[in-house]
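Novice: Can you keep this structure in mind? I'll have questions shortly.
The values are calculated or read from the model by the stated rules, or taken from the named source; none is laboratory data. Since the model is a prediction, treat every value here as computed from it, not as a measurement. Heads up, the Cβs are rebuilt from the backbone with ideal geometry, glycines too, and the neighbour counts pull from every protein chain shown. Just the protein is used for accessible areas: all its heavy atoms, side chains included, with ligands, DNA and RNA removed. Shrake-Rupley method; radii C 1.70, N 1.55, O 1.52, S 1.80 Å.
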Amino acid sequence: MDQNVHHDAVIVGAGFGGMGAAIQLKRMGLTDIAILEREDALGGTWHVNRYPGLAVDIPSVSYSYSFEPNPYWSRLFAPGAELERYAGHVADKYDLRRHMRFGAVVEGARWDEDAQRWVVSVEGGEQITARYLLTATGFLSQPHLPDIPGIESFEGKVVHTTAWDDSYDLTGRRAAIIGTGATAVQLIPEVARRVAELTVYQRTPIYVVPKVDVPIPGPVQKLFARIPLAQRAARAVSGSVLELLMVSAVLHFKQAKFLNKAAAAAARAHLRAQVGDAELRRKLTPDYDFGCKRPTFSNSYYRTFTRPHVRLETGTIERIEPNAIVTADGSRTEIDTLILATGFNLWDVNFPAIEVIGREGRNLGKWWRDNRFQAYEGVSVPRFPNFLSLASPYSYSGLSYFTTIESQMAHMDRLFGELRRRGADVFEVTEQANAEFLDRMTAKLGDSVFYGGSCQTAHSYYFNQHGEAAILRPTSTVNAFREAHSFPLDDYEMRSYAGAR
Ligand code: NAP
C-alpha cells in the first residue's frame with residue numbers, strides 16, 4: 001500500500017516564482033498542489049532579506065505581477081517590507097496559503113520511472129510523491145560565507161546580510177562590512193549612520209548610477225487604484241526603459257557600445273559629483289565594462305565614503321583575528337561587528353538548489369557541471385520528465401524578475417494545454433530541442449558585453465565555473481514572451497501515464 005502523500009504537483013519555494021507557478025497551475029485546473037518552503041513564511045528573498053536599506057532596485061510598477069498590480073506602492077522603488085506585504089496579499093487573493101508548508105526543507109527529488117512520478121524527499125525522512133515537480137528556488141538563495149582564515153575565531157558579532165539580526169544594536173560599534181555588491185550599496189549608508197567606525201572591504205568596485213526615487217503621492221495611488229490603465233501605462237514606460245538598458249547596453253554591446261560607454265560615464269560622473277578625493281575615486285572606479293556584473297542605483301553610497309568615520313579598504317584580507325581584520329600589507333583594524341555582504345553561491349550549490357535525479361539516473365547538478373549549464377527555454381531539461389526548473393540557466397529574462405516569472409507561466413500554459421489536448425500527462429523536452437536552444441543562446445551571447453566586452457576583472461556571478469555567462473537569457477523579453485507562447489510543441493515528447501505502463 002502507498003504510504004506517501006501524493007499531489008498533482010509539488011512546487012519547491014514560496015517566493016514570487018513559486019507563487020506565480022501555483023497561480024498558473026490553478027488556472028489550468030491543477031489544484032492538488034503542495035508548495036514546500038524551507039523558511040517559516042512566504043515571500044522568498046523578500047522574507048529572508050531584511051537588512052537596513054533593503055528596497056527593490058527595479059521600479060515597483062514593473063517589479064510586480066502584471067495581472068495583480070499594486071496601486072499603493074509608497075515609492076517608485078518600494079522598501080523591502082512592502083514587497084513582503086505584497087507577496088502576502090497575492091497569496092491571500094489567489095488562495096495559495098492553504099497549499100503552503102513552511103519549514104519543509106526539500107533535500108532532493110527522484111523520478112520514479114515505474115510509477116511515472118516524482119518522489120520528493122523532505123528533511124526528517126518524509127517522502128511526498130507528485131505527478132509534476134517545479135523548482136522555484138530562486139537565483140540568490142544560498143548565502144556565500146567567505147572562507148577567510150580565522151573567521152571562526154572572531155569573538156564579536158558576525159552577520160550575513162540574509163540573516164539580519166534586528167535585535168542587534170549597531171549604535172557606537174566598530175563595524176566592518178565585507179563586500180560591495182548591490183546589497184552592500186544599500187546597506188553601507190544605513191550602517192554608517194549608526195556605527196562609530198565603519199571599514200568597508202572592497203575587492204571589486206561596482207558601477208553605481210543615481211537613483212531617481214520619489215514617494216508616490218496619495219492622489220497618484222488613488223488614480224492607479226481607480227484607473228488601472230494609468231498604472232499599466234506607467235509600467236509600460238518603466239518596462240521599456242529597463243528593456244532598452246538591458247538589450248542595448250548589455251546584450252547588444254557589440255552593436256551599441258556607445259550606450260554602454262554612456263552608462264559607465266554616467267556612473268563616473270555620479271562618483272565625481274559625490275567624491276572630491278581623486279585617490280578615493282580611483283579606488284571606487286571599476287576597471288571592467290558596464291554590465292559585466294550587476295550595476296546598481298544609489299544616491300548616498302559614494303558619498304558615505306567621504307564621512308570621517310567611514311574608510312574604504314582595498315587591501316586583500318589575509319586573516320581575521322578574534323577582534324580584528326588584518327590585510328596582506330599587515331594593516332590591522334579592530335572591530336566588534338563583522339557584516340558579511342558577500343552575496344550568494346549560484347554555480348556550486350544553487351543550480352539546482354536540491355538534488356534532482358531524472359530518468360536513467362541523470363543527476364541534474366552533476367550533468368550541468370560535467371557538461372554545460374543548460375535548460376530549454378530556461379525551464380526544462382532532457383531526461384527530466386514532468387519537471388520544470390524555474391531558476392535555470394538562461395531563464396532570467398530582462399531586468400525585472402517578474403518578466404521571467406510571467407514568461408514561464410505562459411510556457412506552462414502552452415505546455416499543459418497541449419498535454420491536455422493530447423490526453424497526455426507526461427512530458428519531456430527532446431535532446432535536440434534543448435541542444436538547439438543552447439546553441440542559439442550561446443551564439444547570441446557573442447554580441448553581449450559578457451563575451452564582447454572586458455569582464456575579466458569583474459568577478460561577476462553571471463559567469464560560471466566554465467567561464468560561461470549562463471544566467472541571463474540573451475534575448476529581449478519580447479522574444480522570451482513570444483517563444484513562451486509559440487515554442488514548437490514537438491520540442492516536447494508527450495505521452496500518457498497509462499500508455500507508458
Ligand atoms: P554580490 O553582488 O555577489 O556581492 C558580493 C560582494 O562580496 C562582492 O563585492 C564580492 O567581491 C564580495 N566578496 C565575496 N566574498 C569575498 C571575500 N572572500 N573577500 C572579499 N570580498 C568578498 O552579492 P549581493 O551584493 O548580495 O548582491 C547579489 C544580487 O542580489 C545583486 O546582484 C542583485 O541582483 C540582487 N540584489 C537586489 C537588490 C534589490 O533589487 N533590491 C538588492 C540587493 C541585491 P567580488 O565582487 O570581488 O567577488
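Novice: Out of the residues in the range 292-316 that are in a loop (DSSP other than H, G, I, E, B) and in contact with a Leu (Cβ under 7 Å, 6 or more places away or on another chain), which is nearest to Ala175 (Cα to Cα)?
Specialist: Only one residue fits best here, namely His309.
Novice: Identify, please: which residue in the range 268-291 is in a helix (DSSP H, G or I) and within 15 Å of the ligand (Cβ to nearest atom) and is, among those, surrounded by the most Cβ atoms within 10 Å (Cβ to Cβ)?
Specialist: Of everything passing the filter in the range 268-291, Leu284 is surrounded by the most Cβ atoms within 10 Å (Cβ to Cβ).
Novice: Identify, please: which residue in the range 312-332 is away from the ligand (no atom under 14 Å from the Cβ) and in contact (Cβ under 8 Å) with a residue 60 or more places away in the chain and is, among those, surrounded by the fewest Cβ atoms within 10 Å (Cβ to Cβ)?
Specialist: Pro322
Novice: Which one is surrounded by the most Cβ atoms within 10 Å (Cβ to Cβ) among residues in the range 334-347 that are within 14 Å of the ligand (Cβ to nearest atom) and more than 30 Å from Ala269 (Cα to Cα)?
Specialist: Leu346
Novice: Taking into account only those residues within the range 292-311 that are open to solvent by less than 70 Å² (accessible area, probe 1.4 Å) and either acidic (Asp, Glu) or touching a Ser or Thr at 6+ places or on another chain (Cβ under 8 Å) (or both), which is farthest from the ligand (Cβ to nearest atom)?
Specialist: For the range 292-311, the residue satisfying everything is Val310.
Novice: Restricting attention to the range 205-222, and to residues there that are in contact with a Ser or Thr (Cβ under 7 Å, 6 or more places away or on another chain) and within 16 Å of the ligand (Cβ to nearest atom), which single residue is nearest to Glu313 (Cα to Cα)?
Specialist: Pass one, the range 205-222, residues in contact with a Ser or Thr (Cβ under 7 Å, 6 or more places away or on another chain): 205-206, 208, 211, 215-216.
Subset that is within 16 Å of the ligand (Cβ to nearest atom): 205-206, 208, 211.
Details: Pro205: 11, Ile206: 14, Val208: 18, Lys211: 25 Å.
The residue in question is Pro205.
Novice: Restricting the search to the range 59-69, which residues are without any contact (Cβ under 8 Å) to a residue 60 or more places away in the chain and crowded, with 21+ Cβ neighbours inside 10 Å?
Specialist: Ser60
Novice: Conditions: (1) surrounded by fewer than 21 Cβ atoms within 10 Å (Cβ to Cβ); (2) assigned to a helix (DSSP H, G or I). Ala21 meets all but one. Number of the miss?
Specialist: Result: Ala21 passes all but (1).
Novice: Suppose we filter the range 449-501 for residues that are within 16 Å of the ligand (Cβ to nearest atom), open to solvent by 30 Å² or more (accessible area, probe 1.4 Å) and either of a type in the set (Ser, Thr, Tyr) or part of a loop (DSSP other than H, G, I, E, B) (or both); how many remain?
Specialist: So the count comes out to 7.
Novice: I'd like the residue in the range 118-177 that is within 22 Å of the chain's Cα centre (by Cα) and assigned to a helix (DSSP H, G or I) and, out of all such residues, is farthest from the ligand (Cβ to nearest atom).
Specialist: That would be Ala163.
Novice: Another question, then. Just name the residue that is farthest from the chain's Cα centre (by Cα) out of those in the range 70-117 that are among the basic types (Lys, Arg) and open to solvent by less than 80 Å² (accessible area, probe 1.4 Å). Before the answer, list the steps.
Specialist: Going through the range 70-117, the residues among the basic types (Lys, Arg) turn out to be 75, 85, 93, 97-98, 101, 110, 117.
Narrowing the set further to residues that are open to solvent by less than 80 Å² (accessible area, probe 1.4 Å) leaves 75, 117.
Numbers: Arg75: 22, Arg117: 28 Å.
This residue is Arg117.
Novice: What are the residues in the range 178-204 that are within 19 Å of Pro295 (Cα to Cα) and more than 13 Å from the ligand (Cβ to nearest atom), if any?
Specialist: Scanning the range 178-204 gives a single hit, Pro189.
So that you can scan it fast, the table gives a plain yes or no per residue for (1) open to solvent by less than 10 Å² (accessible area, probe 1.4 Å); (2) within 30 Å of Tyr51 (Cβ to Cβ); (3) assigned by TED's automatic domain parsing to the domain that holds Ala249; (4) touching a helix residue (DSSP H, G or I) at 6+ places or on another chain (Cβ under 6 Å):
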{"residue": "Glu360", "(1), (2), (3), (4)": "no, no, no, no"}
{"residue": "Arg372", "(1), (2), (3), (4)": "no, no, no, no"}
{"residue": "Tyr376", "(1), (2), (3), (4)": "yes, no, no, yes"}
{"residue": "Val379", "(1), (2), (3), (4)": "yes, no, no, yes"}
{"residue": "Thr404", "(1), (2), (3), (4)": "yes, yes, no, no"}
{"residue": "Leu415", "(1), (2), (3), (4)": "yes, no, no, no"}
{"residue": "Gln432", "(1), (2), (3), (4)": "no, no, no, no"}
{"residue": "Arg440", "(1), (2), (3), (4)": "no, no, no, no"}
{"residue": "Asp447", "(1), (2), (3), (4)": "no, no, no, no"}
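Novice: Considering every residue within the range 187-200, establish whether at least one is touching a helix residue (DSSP H, G or I) at 6+ places or on another chain (Cβ under 8 Å), more than 30 Å from Thr342 (Cβ to Cβ) and hydrophobic (A, V, I, L, M, F, W, C).
Specialist: First, the residues of the range 187-200 that are touching a helix residue (DSSP H, G or I) at 6+ places or on another chain (Cβ under 8 Å): 187-189, 192, 198, 200.
In the following step, the residues that additionally are more than 30 Å from Thr342 (Cβ to Cβ) were identified as none.
The answer is no, given that none of the residues of the range 187-200 is touching a helix residue (DSSP H, G or I) at 6+ places or on another chain (Cβ under 8 Å), more than 30 Å from Thr342 (Cβ to Cβ) and hydrophobic (A, V, I, L, M, F, W, C).
Novice: Moving on to the next point. Looking at the range 388-398 only, could you name the residues that are crowded, with 24+ Cβ neighbours inside 10 Å and not small (Gly, Ala, Ser)?
Specialist: Leu388, Leu390, Pro393, Tyr394
Novice: Kindly list, by first and then second residue, each pair from a residue in the range 355-378 that is at positive phi to a residue that is exposed (fewer than 15 other Cβ atoms within 10 Å of the Cβ), limited to pairs with Cβ atoms under 9 Å and residues at least 6 apart or on different chains.
Specialist: Glu360/Glu113
Novice: Could you list, in sequence order, all residues of the range 26-58 that are in contact with a Leu (Cβ under 6 Å, 6 or more places away or on another chain), open to solvent by 20 Å² or more (accessible area, probe 1.4 Å) and assigned to a loop (DSSP other than H, G, I, E, B)?
Specialist: Once the filter is applied, which keeps residues that are in contact with a Leu (Cβ under 6 Å, 6 or more places away or on another chain), open to solvent by 20 Å² or more (accessible area, probe 1.4 Å) and assigned to a loop (DSSP other than H, G, I, E, B), the range 26-58 yields only Gly53.
Novice: Going residue by residue through the range 79-92, is there one that turns out to be farther than 29 Å from Arg235 by Cα, out of contact with any Ser or Thr (no Cβ under 7 Å at 6 or more places or on another chain) and not in a loop (DSSP other than H, G, I, E, B)?
Specialist: No, because not a single residue in the range 79-92 is farther than 29 Å from Arg235 by Cα, out of contact with any Ser or Thr (no Cβ under 7 Å at 6 or more places or on another chain) and not in a loop (DSSP other than H, G, I, E, B).
Novice: Can I ask one more? Looking only at the range 119-141, how many residues end up being crowded, with 21+ Cβ neighbours inside 10 Å and among the small types (Gly, Ala, Ser)?
Specialist: 4
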